[in-house]
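I have placed the structure first, in the form of structure tokens, so that the comments after it can refer back to it.
The values are calculated or read from the model by the stated rules, or taken from the named source; none is laboratory data. Note that the coordinates shown come from a computational prediction; the quantities given were computed from them, not determined experimentally. Cβ coordinates were reconstructed from backbone atoms using ideal geometry, including for glycine residues, and neighbour counts include every protein chain displayed.
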Amino acid sequence: MKRLSIPLLLVALALAGCASDKSVLQGGTSLTATVQNPVGRKELAVVENAYGLALVAAVNYRRLGICKTGTVESFGNPCARRDVVLQLQAADRKARSALIPARRFVRNNPTLNAFSAIAAAQAAVADFQTVLSTNGVR
């Protein structure tokens, strides 16, 4: 009798789970209902868009050409300062190196929370944007 009661109990629990739309983790009764991932593709897309905008500004700044020795950028002499370009390149490398693992994590683990990977990428992109704004690059 015990052998029969355990499978019946499992079947009853599974069927009871189908009656509810909510997962047990959300206060429902379903053991099989899906749980919405709080951090994933949408948040990664927001970070990727912010990185893209920052990268466009950095590339456009670099396209001005490097200032000649002894000259300073001005309205009449638009050029890119070498030290600013080096700062932008370093910030770009950090942002890109943080985005790659975040992309991989979201791609390989679509049902897991990617908060820490995306938070690291978001911090690196924010640093990139800070370098842009502190140097007046638009």
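A quick yes/no check of all residues on (1) touching a residue at least 40 places away in the same chain (Cβ under 8 Å); (2) in the same structural domain as Arg62 (by TED's automatic domain parsing); (3) of a type outside the set (Gly, Ala, Ser):
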| residue | (1), (2), (3) |
| --- | --- |
| Asp83 | no, yes, yes |
| Leu88 | yes, yes, yes |
| Ala95 | yes, yes, no |
| Pro101 | no, yes, yes |
| Arg104 | no, yes, yes |
| Asn109 | no, yes, yes |
| Leu112 | yes, yes, yes |
| Phe115 | yes, yes, yes |
| Thr130 | no, yes, yes |
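Of the conditions (1) farther than 14 Å from Asn135 by Cβ; (2) out of contact with any Phe, Trp or Tyr (no Cβ under 6 Å at 6 or more places or on another chain), Ala117 satisfies every one except a single condition; which number is it? Answer for Ala117: the failing condition is (2).
Quick check on my filter: what residues within the stretch 82-91 are buried (at least 19 other Cβ atoms within 10 Å of the Cβ) and either acidic (Asp, Glu) or farther than 11 Å from Val125 by Cβ (or both)? The answer is Val84, Leu88.
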